[in-house]
1. Would you please name the residue that is surrounded by the most Cβ atoms within 10 Å (Cβ to Cβ), looking only at residues in region 542-567 that are part of a helix (DSSP H, G or I) and over 21 Å from the mean Cα position of the chain (by Cα)?
2. I'm trying to understand the selection: among the residues of region 468-488, which are in a loop (DSSP other than H, G, I, E, B), of a type in the set (A, V, I, L, M, F, W, C) and closer than 22 Å to Q541 by Cα?
3. Of all residues in region 119-137, which are of a type outside the set (F, W, Y), at pLDDT 90 or above and in a loop (DSSP other than H, G, I, E, B)?
4. Just to be sure I understand, how many residues within region 506-541 are assigned to a helix (DSSP H, G or I) and under 17 Å from L389 (Cβ atoms)?
5. Among the numbered criteria (1) under 30 Å from R65 (Cα atoms); (2) in contact with an Asp or Glu (Cβ under 7 Å, 6 or more places away or on another chain); (3) not aliphatic (A, V, I, L, M), which single criterion is violated by E303?
6. Looking at (1) over 29 Å from Q63 (Cβ atoms); (2) not in a helix (DSSP H, G or I), can you tell me which one I385 breaks?
7. Residues that are of a type in the set (S, T, N, Q), in contact (Cβ under 8 Å) with a residue 24 or more places away in the chain and not in a strand (DSSP E or B): does region 207-220 have at least one?
8. State all residues of region 87-114 that are assigned to a loop (DSSP other than H, G, I, E, B) and surrounded by 18 or more Cβ atoms within 10 Å (Cβ to Cβ); if no residue qualifies, say none.
Amino acid sequence: MKSSWESGPVTHTVDEPLAREIWSTRYRFVPPGGTAETDIGESWDRVSRTLASAENTERTAWQQRFRQALEEYRFLPGGRILAGAGTGYETTLFNCFVMGVIEDSLEGIFRALEEGALTMQQGGGVGYDFSTLRPRGSPARRTGGIASGPVSFMHIWDAMCVTVTSSGFRRGAMMATLRCDHPDILAFVEAKSAGGGLQRFNLSVQVTDDFLRAVRADKPWPLVFPLAAGETAAESVKRRWTGTGEPVPCAVHARLPARELWDRLINAAWECGDPGLLFVDRINRENNLHYRESITASNPCGEIPLPPYGACDLGSINLPAFIHAPFTGHARLDVEGIRHTVNAALRMLDNAVDISRYPLSAQAEQARGARRLGLGITGLGDALIMLGLHYGQERAREWAAGVMRDITHTAYRSSVELAREKGAFSFLDRDRYLRGAFIRRLPEDIRRGIREHGIRNSHLLAIAPAGSISLLAGNISSGIEPLYALRQRRRITTQDGSVETRDLEDYAFRLWRRIGGDEGSVPGYFVTAAELDPEAHMAMQAALQPFVDNAISKTINVAADCSPDQFARLCEDADRLGLKGVTLYRPTGRTPAVLESHPATLSGAPATAGCCAFELKQLPRG
């Protein structure tokens, strides 16, 4: 097929009505009593000018550099940055927070509730670990009454989240986790499948290595809770609990077969999509800040495991914007262009740490101490198609892994250079940091640079779902997902909070048609998510994860008739592959799907309604 782009990159064009609607409802700045931004270029100007204001010198030059990175959607900052930078509103530029340890008292519970409400009001999604709350039926320590348990209090959070409006029309999102050895773990596991609400929560169980070994060996599993000062128990064990630095005595409340808990967890996930799993021991072993943090929760989408009061700002490199000569024998990626953009993007996200507002002072302390970033990619599925690569084949995985490797090493080298210029993050202990599992697998020149100059940011990479910003960029495939459908219907929340349906066309498919592609003979590399088996999805996840120091949000589609046993095997595979977490989802009719394939039948785009999805966050390996 002949193309006028054979010698250079595509001019990145978008679906203008869709992009303008997304921009207008989510990211456009309309100052009270002032003149609203007229196009996205003015939004880019606002964002680049604001982020450059954090520079000590050459602000004009950096503003121009940042503006170039944003041009043609090359770099897509997280939604909170796009919506909030330079507006003067009391909103945070961070998408992701994990809240503090919840004190097991009524005052502590409602203080934590208030902190969550303030954070969501300013635009942040939140994660909580409810393991510190006493199990249902146990004596309340101060009043002599009977505790109602963590799940009962989660309903208060759920009601608060429904009420609090986060950044205009955006509603808050929450993650709740609970330890696998908490006495209320079965109530937590089955909280949604029992029809008990909690629709504003994603749920994940903190799964330990010991529990997985007990499942495999079909052993009894103790359910325990820390003893208060002066309390005694007929039987006790020591556990390092949420909020404790060292193992503490815990009363054994009950025992049940580990396999029974595992099976009930799987059945609940099969029925309603929750809970997922966090492989919490592995998360902490692989954490770059292993020497100072204990992580027991993540942000709502799972790509950022965080310590108490931890925060992370996000952004994505738009891969399709860097493809030269798409759909030709000369198709290739502009590697130097990506490296140049990564350097600018990293600096932009780092500057966001300094200029952002924080709902709580503890969040500011954590964010500025670690300077944790989450730079990722989006549009991978479309980029592969533009190169003529089939998502499910080894060649595509090798290409994607090579791109992510280059982005990761570029980002780490850039962060070392930033440390030379501006100083290392204050929580850095160089010797202990260099002993971290991920850091040990980096190239020697990066490790030498950290040893000599430090590093600006504790973490640098995360791959988020990137849903709204991918729509903004012309409905490119989101994150590292394959193409969902050539044409699709998507539910979109409008500015007044109502939900409407839009008919959309995939970016790569629209581009292919524009250069003369025949809808009647769509090439086989236009593969959709439903056409790929779960193993192909997992293989792509595994190919990229070695180059991500936080985690990856990934949906794995399986057949509509997949059974609980098949779900269980996939979870076991997740553990075997060394994943950080896994979430399974099967549409049950309780919650309407955000995406549906368009009813028009197209070659290469079979209907995908009725599939179930499976989200993975895998272990970093290098």
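1. F567
2. Filtering region 468-488 for residues in a loop (DSSP other than H, G, I, E, B) gives 473-482, 484-486.
Of the ones still in play, those that are also of a type in the set (A, V, I, L, M, F, W, C) are 473, 476, 480, 485-486.
I476, I480, A485 - these are the residues of region 468-488 that are in a loop (DSSP other than H, G, I, E, B), of a type in the set (A, V, I, L, M, F, W, C) and closer than 22 Å to Q541 by Cα.
3. Selection gives S131, T132, L133, R134, P135, R136, G137.
4. The first filter runs over region 506-541 and keeps only residues assigned to a helix (DSSP H, G or I), leaving 507-514, 519-521, 529-531, 534-541.
Those still in the list that are under 17 Å from L389 (Cβ atoms) too: 507-509, 511-512, 529, 531, 536-537, 539-541.
Result for region 506-541: 12.
5. Single failed check for E303: (2).
6. Every listed condition holds for I385 apart from (2).
7. We begin by selecting, within region 207-220, every residue of a type in the set (S, T, N, Q); these are 208.
After this cut, where a residue has to be in contact (Cβ under 8 Å) with a residue 24 or more places away in the chain as well, the list is 208.
Subset that is not in a strand (DSSP E or B): 208.
Looking through region 207-220, at least one residue is of a type in the set (S, T, N, Q), in contact (Cβ under 8 Å) with a residue 24 or more places away in the chain and not in a strand (DSSP E or B).
8. T91, T92, L93, F94, N95, M99, G100, V101, I102, D104
The values are calculated or read from the model by the stated rules, or taken from the named source; none is laboratory data. This structure is a prediction, so every number in the text was calculated from the model and none was measured. Glycine also receives a Cβ, built like all others from the backbone with ideal geometry; neighbour counts cover every protein chain displayed.
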